[in-house]
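Note sheet for the following structure.
Just so it is clear, none of the values below were taken in a lab; they were calculated from the coordinates. Please read all numbers here as calculations on a predicted model, not as lab measurements. So basically every Cβ, Gly included, is an ideal-geometry build from the backbone, and we count neighbours across all protein chains shown.
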Amino acid sequence: MKLAIHKSKGLYSERWIAYCEEKSIPYKLVNCHANNILEQLSDCSALLWHHHHGSPHDIIFAKQLLFALEHAGFPVFPDFNTNWHFDDKVGQKYLFEALDIKERIPTWVFYKKSEAMEWVHQVSFPKVFKLRGGAGSQNVKLIPSKHVAERFIRKAFGGGFKSYDAWGNLRERIRKFRLGKTTLKDVLKGFVRLVVPPPYASIKGRDRGYIYFQEFIPGNDSDTRVIVIDHKAFALKRYVRSNDFRASGSGIFKYEKSEFDERCVSLAFELSQKLKAQCVAYDFVFDLENKPRLIEINYGFLPSGYDACPGYWDEKLSWHEGKFNPYGWMVERMRVLIRNV
């Protein structure tokens, strides 16, 4: 039983490798970007690949390779249920509706300019505009009025939106530099990105031909992210930026157990049963009746942001204090899956 691992700097793979070495679990490093990847996998029992929305190669074919292997009966992480909606807020809208997740935040997607324009005059504002892809609150804006919404609609069905917001990204780098959360080199890189966008931006091109709006839930100074893996959950509270409504990517975190409303944890476990997924990060806010509402989901997160979590919950909501290794949970889940194949 040998695990294949595609190594990527700063992602899950570094933790997978360390866990395998600590536990003497056989593994092999493979290159999923190589033409002969199937040949590389010939002596392996499963593949673990933390593909990333910011990698141009991963964007092109990661889901397709993983789905093809799974279709052939080869165990993979992430699998189809975990992965197909990754970095796709439009796909998640339909998923939440199909599963009748009542805690979802109302979301509207239009594929015709005329229908979007008609809708604008039937609803109240503000609303939240998003592109289907993007992390760290990139491509997320608060739309204060129908006139601004109409401008966004015309752009969506005209020239479209760049997948990489260079000016917004630069402002974010400067904000984090002032908070001591990034370096001057990173800020200078942001200036370079004004002229030379990241490679993935040219792969993704412009978003056009659709427009996405989500109901704005006021009164939240933070959101709650709950991650469920292998019947266990841990959490992170992310606070909004100053004079902003967005929490994702703010870099302002709290981890203490007392910070969390366990209704979010319970709901995350319940949703994981519906999704049948290997690993899901759920983002929640609270509505005006103080009930948790689901914004979106994601299988991928940066490990460094969660190392400070002081413990985790099991499905009975019992708290387990102390350090834990969620990447080891991923490996062990794959080992169980291999044995059951």
Interchain or long-range residues, amide H under 5 Å from Ser8's placed H: Ser13, Glu14
Per the Cauchy relation, a quarter of the hull surface: what is the mean projected area of the convex hull of the alpha carbons in the chain, in nm²? 18.4 nm²
Among Phe234, Val128, Ser45, whose Cα lies farthest out toward the positive end of the dipole of the chain, if unit charges sit on the beta carbon of Lys, Arg (+1) and Asp, Glu (-1)? Val128
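Once you sort the root eigenvalues of the Cα gyration tensor of the range 78-152 as a ≥ b ≥ c, which label holds: rounded (a/c under 1.5), prolate (a/b larger than b/c) or oblate (the other case)? Write out the running numbers ahead of the final one.
Numbers: a/c = 2.18, a/b = 1.70, b/c = 1.28.
Note, shape of the range 78-152 comes out prolate.
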Debye, to nearest 20: dipole size of the chain, +1 on Lys, Arg Cβ, -1 on Asp, Glu Cβ: 1280 debye
For the chain, the longest principal axis of the Cα atoms and the Cα long axis of helix 166-178 enclose an angle in degrees, to the nearest 10, of 70 degrees
Among Ile25, Tyr282, Phe177, the residue whose Cα sits farthest towards the positive end of the charge dipole of the chain (+1 at Cβ of Lys and Arg, -1 at Cβ of Asp and Glu, taken about the Cα centre) is Phe177
Filtered hits (aspartates and glutamates, Cα-Cα < 15 Å from Lys63, offset >= 8 within chain) -> Asp79, Asp87, Asp88
Checked against the positive end of the charge dipole of the range 104-215 (+1 on Cβ of Lys and Arg, -1 on Cβ of Asp and Glu, about the Cα centre), the farthest of Asn139, Trp119, Trp108 is Asn139
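Based on the Kirkwood radius over alpha-carbon pairs, what is the Stokes-Einstein translational diffusion coefficient of the range 1-114 at 25 °C with 0.890 mPa s viscosity, in µm²/s? Mind dumping the intermediate values first?
Numbers: Rh = 16.0 Å.
After rounding, the answer is 153 µm²/s.
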For Lys112, list the lysines whose Cα falls under 26 Å from its own Cα; do not include residues on the same chain fewer than 8 positions away. Lys89, Lys93, Lys127, Lys130, Lys141, Lys146, Lys155, Lys162, Lys204
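Could you calculate the contour length gain from Phe67 to Lys291, that is, 0.36 nm times the residue separation minus the distance between their Cα atoms, to one decimal place in nm? Can you show the working numbers first?
On the way: separation 224, 0.36 × 224 = 80.64 nm, distance 3.60 nm.
Taking 0.36 nm per residue and subtracting the Cα distance, the gain is 77.0 nm.
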When the distances between all Cα atoms of the range 222-323 are binned every 10 Å from zero, what whole-number percent does each bin get? 15, 52, 30, 3
Which is the longest stretch in the chain that no exposed loop site breaks, taking sites as trypsin sites (Lys or Arg not before Pro) with a DSSP loop state and at most 11 other Cβ atoms within 10 Å? 103-275
For the range 104-215, list log₁₀ I(q)/I(0) at each q in 0.11, 0.15, 0.18 Å⁻¹, using the Debye formula over Cα point scatterers of equal strength and ignoring solvent, two decimals each. -0.42, -0.72, -0.93
